[in-house]
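Asks: Structure incoming, see below.
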Amino acid sequence: MINKIIVLSTLLALGACSSSSEKEPEPRDFAGPTFQLMDASSRTLPRWLDEPEEGDKAKERDQHRYFISEASHSNKRLCTRSAEARAATKIAQEVAQFIKNSYAEATQGSADEEVSQYMQEQLAQETQSFLVGAGTIKNYWEQRRYKVDLGAEEDAVKFQCYALVRISKKSLSKAMSAARAKLLNNIEDTEVKSKTEEVIEEAEKAFINKA
């Protein structure tokens with residue numbers, strides 16, 4: 001309770017010089033925070049952190065998919081750059097996880113775990129190599145003072161940075177199709193290949209159009 005009060009007080013202080021008619025800052029709902037919030041790039045928490053599509057213009061949303069990439073560093077500039085640089089990896093990992101889950105569901109959990117894990121790793125690697133056109137459209141950062149007496153592993157001041165990444169559904173579809181083709185090319189069993197192709201194809205469509 002005390003930790004939440006500290007976070008709230010800090011955010012209120014950030015906006016003390018602003019007009020009283022503005023909306024009061026909303027502290028993030030930290031679950032047992034291990035730090036005190038020192039500063040932030042915005043006095044209110046961006047909606048796109050919970051609803052990524054809210055960070056873009058309405059007319060763009062039907063044509064794109066959105067992802068949140070994040071990083072932590074003691075230097076703000078390096079933290080921001082790192083969050084942006086990890087965008088492709090983040091997208092590829094989400095693609096692979098989504099398809100792996102779909103495959104497990106389709107096989108009713110009978111798929112070999114080692115095979116499923118291998119498939120996920122290969123999909124992530126291949127998807128990332130084909131990703132083109134992903135770009136950062138919004139950034140948000142927080143400067144945090146981590147404290148051992150709050151539960152942190154060490155006393156430290158670090159920046160936590162978030163990047164809202166956008167990629168067109170068309171580009172995402174091409175990357176996933178290319179990765180799928182390369183993956184299927186390594187499956188020799190005709191029946192397994194056919195089943196895998198069907199499952200992944202449906203998973204791709206669902207993922208690309210996921211809200």
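Asks: Residue check, residue 98 against (1) closer than 14 Å to residue 160 by Cα; (2) aromatic (Phe, Trp, Tyr); (3) modelled with pLDDT under 95, all met but one. Which one?
Replies: Of everything listed in (1) closer than 14 Å to residue 160 by Cα; (2) aromatic (Phe, Trp, Tyr); (3) modelled with pLDDT under 95, residue 98 misses just condition (1).
Asks: Among 61, 65, 86, 77, which is the only one that is of a type in the set (D, E, K, R), surrounded by 15 or more Cβ atoms within 10 Å (Cβ to Cβ) and more than 15 Å from the chain's Cα centre (by Cα)?
Replies: Values: 65 fails: more than 15 Å from the chain's Cα centre (by Cα); 86 fails: more than 15 Å from the chain's Cα centre (by Cα); 77 fails: surrounded by 15 or more Cβ atoms within 10 Å (Cβ to Cβ).
Step by step, each of 61, 65, 86, 77 is checked, and only 61 is of a type in the set (D, E, K, R), surrounded by 15 or more Cβ atoms within 10 Å (Cβ to Cβ) and more than 15 Å from the chain's Cα centre (by Cα).
Asks: Next question, about the same structure. Here's a check for you: in segment 111-163, which residue that is under 11 Å from residue 35 (Cβ atoms) and among the β-branched types (Val, Ile, Thr) is farthest from the chain's Cα centre (by Cα)?
Replies: 148
Asks: If you don't mind, there's one more thing I want to ask. For segment 57-84, what are the residues that are closer than 20 Å to residue 143 by Cβ and in a helix (DSSP H, G or I)? Spell out how you get there, then give the answer.
Replies: Going through segment 57-84, the residues closer than 20 Å to residue 143 by Cβ turn out to be 68-84.
Hits for segment 57-84 are 76, 77, 78, 79, 80, 81, 82, 83, 84.
Asks: Quick one: would you say residue 187 is at pLDDT 90 or above and of a type in the set (A, V, I, L, M, F, W, C)? Explain how you work it out, then say what you get.
Replies: Details: at pLDDT 90 or above: no; of a type in the set (A, V, I, L, M, F, W, C): yes.
Answer is no for this residue.
The values are calculated or read from the model by the stated rules, or taken from the named source; none is laboratory data. This is a predicted model, so every value here is computed, not measured. Cβ coordinates were reconstructed from backbone atoms using ideal geometry, including for glycine residues, and neighbour counts include every protein chain displayed.
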